[in-house]
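One structure is given below, encoded as structure tokens.
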Amino acid sequence: MSSADKNLSSYDDNTSLDCEDLKIGVVISEWNTEITQALAEGSKETLMKHGLKVENYYETSVPGSFELPLGARMLDDKHQLDAVICIGCVIKGETSHNEYINHAVATALTQISVMRGKPFIFGVLTPNNMEQAKDRAGGKHGNKGVEAAVTAIRMARLKKTLKSTSKTIGFS
Ligand code: DLZ
């Protein structure tokens, strides 16, 4: 399903998205800054709206989307976060550079999520042109930064819930 059909930016406010006990990081690519800043603002606003404490919000930037996974790892190493949101925008050009970057970043974020057992969210737009990017950074298809934040919170909450409800092993 394309993002045109599934716009999560207007999500169900009743889902448990409490951030009060979470530490969350956002890593922002400096390529296509107009877009990545808009996405990052969407993420930050969403996190704060759901109770993230200012002192538990960590932000850093990296030169380009390719550097997002390493930047995210460094931020997590420093602050032991519950989730890291990686924000980028890789616009298709004349060559296939975008495919290499997108696949590399998606694969690396999947690997680090599974290895560390915590969410590293793929908040990277992969549009064909700037218009498609704007449509997804606060335009007619919402703000994908909002959706990335909601996903980060949901996965961090899932981890906490499963930890607190684990069954006792042995005799009781
Ligand atoms: C090199 C490059 C190009 C051509 N396009 C983009 C882009 O659209 N979006 C983006 O985030 N980064 C781009 N980059 C930079 C790479 O992500 C990376 O920073 C460099 O290849 C250095 O590793």
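Contact map, the stretch 15-39: residues that are at positive phi paired with residues that are modelled with pLDDT of 95 or more and in a loop (DSSP other than H, G, I, E, B), Cβ distance under 9 Å, separation 6+ or inter-chain. Pairs shown: 32/90; 32/91. Remark: residue 62 matches the filter, which requires a residue to be near the ligand (Cβ under 9 Å from one of its atoms) and in contact with a Gly (Cβ under 6 Å, 6 or more places away or on another chain). If you go through the stretch 83-114 and pick out every residue that is within 20 Å of residue 22 (Cα to Cα) and open to solvent by 40 Å² or more (accessible area, probe 1.4 Å), you end up with 1.
So which residues in the stretch 129-143 are within 20 Å of residue 68 (Cα to Cα) and part of a loop (DSSP other than H, G, I, E, B), if there are any at all? Within the stretch 129-143, 136 is the sole residue that qualifies.
Listed conditions (1) under 23 Å from residue 22 (Cα atoms); (2) touching a Leu at 6+ places or on another chain (Cβ under 9 Å); (3) in a strand (DSSP E or B) are all met by residue 44, apart from (3).
Across the stretch 16-56, what is the number of residues that are hydrophobic (A, V, I, L, M, F, W, C), crowded, with 20+ Cβ neighbours inside 10 Å and more than 15 Å from residue 146 (Cα to Cα)? The qualifying residues number 1.
Looking at this structure, is residue 109 in contact (Cβ under 8 Å) with a residue 12 or more places away in the chain and within 21 Å of residue 35 (Cα to Cα)? For residue 109, the condition - in contact (Cβ under 8 Å) with a residue 12 or more places away in the chain and within 21 Å of residue 35 (Cα to Cα) - is met.
Selection of the stretch 81-99 for residues being within 10 Å of the ligand (Cβ to nearest atom) and within 12 Å of the chain's Cα centre (by Cα) yields 87, 88. As a summary of the residue check, residue 143 satisfies the conditions (1) polar (S, T, N, Q); (2) closer than 20 Å to residue 30 by Cβ; (3) surrounded by fewer than 21 Cβ atoms within 10 Å (Cβ to Cβ) except for the one numbered (3).
Scanning the stretch 57-72 for residues that are surrounded by fewer than 18 Cβ atoms within 10 Å (Cβ to Cβ) and assigned to a helix (DSSP H, G or I) returns a single hit, 70. In the stretch 106-125, is there at least one residue being in a helix (DSSP H, G or I), touching a His at 6+ places or on another chain (Cβ under 8 Å) and away from the ligand (no atom under 11 Å from the Cβ)? No; the residues of the stretch 106-125 include none that is in a helix (DSSP H, G or I), touching a His at 6+ places or on another chain (Cβ under 8 Å) and away from the ligand (no atom under 11 Å from the Cβ).
Can we say residue 51 is on the phi > 0 side of the Ramachandran plot and either more than 13 Å from the ligand (Cβ to nearest atom) or of a type outside the set (Ser, Thr, Tyr) (or both)? So residue 51 fits the description; yes.
The values are calculated or read from the model by the stated rules, or taken from the named source; none is laboratory data. Please read all numbers here as calculations on a predicted model, not as lab measurements. Positions of Cβ are generated from backbone atoms using ideal geometry, with glycine treated the same way; all protein chains shown enter the neighbour counts. In case anyone asks, the SASA skips ligands and DNA or RNA and just uses the protein heavy atoms, side chains included. Shrake-Rupley method; radii C 1.70, N 1.55, O 1.52, S 1.80 Å.
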